[in-house]
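What follows draws every value from the coordinates through simple rules; no lab data is involved. All of these numbers come straight from a predicted model, not from anything done at the bench. All Cβ positions, glycine included, derive from the backbone under ideal geometry; neighbour counts span all protein chains shown.
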Amino acid sequence: GDHRDLHSFSTRRSSDLKVLSQLGQEDGSKKLMEALSLTPSVISTSPEGPHRNRRAGKLKMFAIECLGEIGSLAAIPRICKALKSRHWPIRASSAWALGMIGDRSALPSVMPLTRDRVKMVQISAAEAAARLGEEKGTAPLRSALVDKDKHIKYKAAESLAKLGYKTG
């Protein structure tokens, strides 16, 4: 990847890339996969540290979610690597994307996240595991329905509904 290429990726309209990759143009998927390995310094030359890191994280999450939506089998190894991110939104997006891609080979990588320290990651991983055919995948979702945090309860109910379960 050329440095200018990566920088232009970060400034290009995201919808263009999504459309490009959905049309099966290799370039779109390739650019999305390149975004997974971007570092904050490649994305922006401005010296505002934390903002730069946040932009890098958002860009990675967007790329992961797009690759999940388009079902990119080629992206599975890179997305599995992102499951180990120290940033929980990236772990959650990665688990979700792998569930959307639907290749059972990702299941061993997703399952440990059903016990992640962050409940939102657990829920994304449990939904993904269920999509990948793991029967025990819905157990964490069902137990999250009685969580104290209403956001956790809602997310669990939403996941179960997406999987075709009646929740209320």
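Once both labels are positioned 7 Å from their Cα atoms along Cα-to-Cβ, the gap between Lys162 and Ala74 label points is 2.5 nm. Here Lys81 is the anchor, and the lysines within straight C-alpha reach of less than 18 Å, apart from those fewer than 8 places off in the same chain, are Lys30, Lys31, Lys58, Lys60. Label sites at Arg54 and Lys30, each approximated as a point 7 angstrom past Cα along Cα to Cβ, lie 3.3 nm apart. Give the shape of the stretch 45-149 as rounded, prolate or oblate, defined through the alpha-carbon gyration tensor: a ≥ b ≥ c are the square roots of its eigenvalues, a/c under 1.5 means rounded, and otherwise the shape is prolate if a/b is larger than b/c and oblate if not. Oblate is the answer for the stretch 45-149, as a/c is 1.5 or above yet b/c matches or exceeds a/b.
Taken along the Cα-to-beta-carbon direction at a fixed 7 Å, the label points for Asp147 and Ser105 span 3.1 nm.
Rounded to the nearest 20 debye, the dipole size of the stretch 51-132 about its Cα centre is 520 debye, using +1 on the Cβ of Lys and Arg and -1 on the Cβ of Asp and Glu. Mind checking which lysines have their Cα closer than 25 Å to the Cα of Lys166? Skip sequence neighbours fewer than 8 apart in that chain. Filter leaves Lys119, Lys136, Lys148, Lys150, Lys153, Lys155.
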